[in-house]
1. Among the residues of region 71-83, is any assigned to a loop (DSSP other than H, G, I, E, B), surrounded by fewer than 19 Cβ atoms within 10 Å (Cβ to Cβ), of a type in the set (Asp, Glu) and modelled with pLDDT of 95 or more?
2. May I ask you to list the residues in region 7-27 that are assigned to a loop (DSSP other than H, G, I, E, B) and touching a residue at least 24 places away in the same chain (Cβ under 8 Å)?
3. Given the conditions (1) part of a helix (DSSP H, G or I); (2) open to solvent by less than 40 Å² (accessible area, probe 1.4 Å); (3) modelled with pLDDT under 95, report the number of the one that residue 106 does not fulfil.
4. Which of (1) surrounded by fewer than 19 Cβ atoms within 10 Å (Cβ to Cβ); (2) of a type outside the set (S, T, N, Q); (3) without any contact (Cβ under 8 Å) to a residue 40 or more places away in the chain is the odd one out, the single condition residue 111 does not satisfy?
5. For region 118-150, which positions are assigned to a helix (DSSP H, G or I), exposed (fewer than 13 other Cβ atoms within 10 Å of the Cβ) and either touching a residue at least 12 places away in the same chain (Cβ under 8 Å) or on the phi > 0 side of the Ramachandran plot (or both)?
6. Out of all the residues in region 1-40, which are more than 18 Å from the chain's Cα centre (by Cα), open to solvent by 90 Å² or more (accessible area, probe 1.4 Å) and not basic (Lys, Arg)?
Amino acid sequence: IGLKLETDGWASVEEILNNSPLQVKLEELKYVVANNDKRRFSFNVDFTKIKANQGHSVKNLELEFKEVIPPEILYHGTAVPFLKAIQASGLNKGQRHHVHLSKDRQTAANVGRRHGEVVILAIASQRMYQAGYKFYLSENEVYLVDLVPVEYLRVL
């Protein structure tokens with residue numbers, strides 16, 4: 001629909017409602033945001049803007065996430081075909097802005113299951129933090145980091 005994002009990732013709700021070929025109504029958009037199982041989207045306080053909470057693959061965005069001290073261990077779900085590459089070079093963000101990590105194994109398993117037979121990786125996030133890596137927390141409680149080197153990974 002030619003939607004233009006602001007530099008911080010926000011988009012105009014009015015632009016979405018006026019240009020969507022699906023003729024979406026504001027109440028329907030509110031329903032999607034409120035009921036998305038991964039809480040992928042957020043509105044601003046007056047419902048005039050919407051954004052993805054993390055995982056932007058759009059270039060040139062200046063995303064603002066809250067820097068946090070991570071728990072001792074975080075988790076990443078992946079699939080068997082990707083394991084050898086991860087064990088060789090660690091977790092890299094690829095086309096995304098960050099590597100996504102979960103605070104529990106079940107969430108990581110759900111993410112990994114989308115790509116095939118699931119493998120859960122335990123990330124020594126507290127050790128990473130102490131070594132100087134910065135962690136962020138998105139509004140939907142996904143931990144974000146630029147990369148996870150191999151020495152901080154363990155296959156469960």
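The values are calculated or read from the model by the stated rules, or taken from the named source; none is laboratory data. Everything numeric here is computed off the predicted structure, so don't read it as measured data. Virtual Cβ from ideal backbone geometry, glycine too; neighbours counted across all protein chains shown. These area figures cover heavy atoms from the full protein model, side chains too; ligands, DNA and RNA do not enter into them. Shrake-Rupley method; radii C 1.70, N 1.55, O 1.52, S 1.80 Å.
1. The answer is yes, given that some residue of region 71-83 is assigned to a loop (DSSP other than H, G, I, E, B), surrounded by fewer than 19 Cβ atoms within 10 Å (Cβ to Cβ), of a type in the set (Asp, Glu) and modelled with pLDDT of 95 or more.
2. 7, 8, 9, 10
3. (2)
4. Every condition holds for residue 111 apart from (1).
5. 150
6. 1, 14, 18, 21, 22, 23, 27, 28, 31
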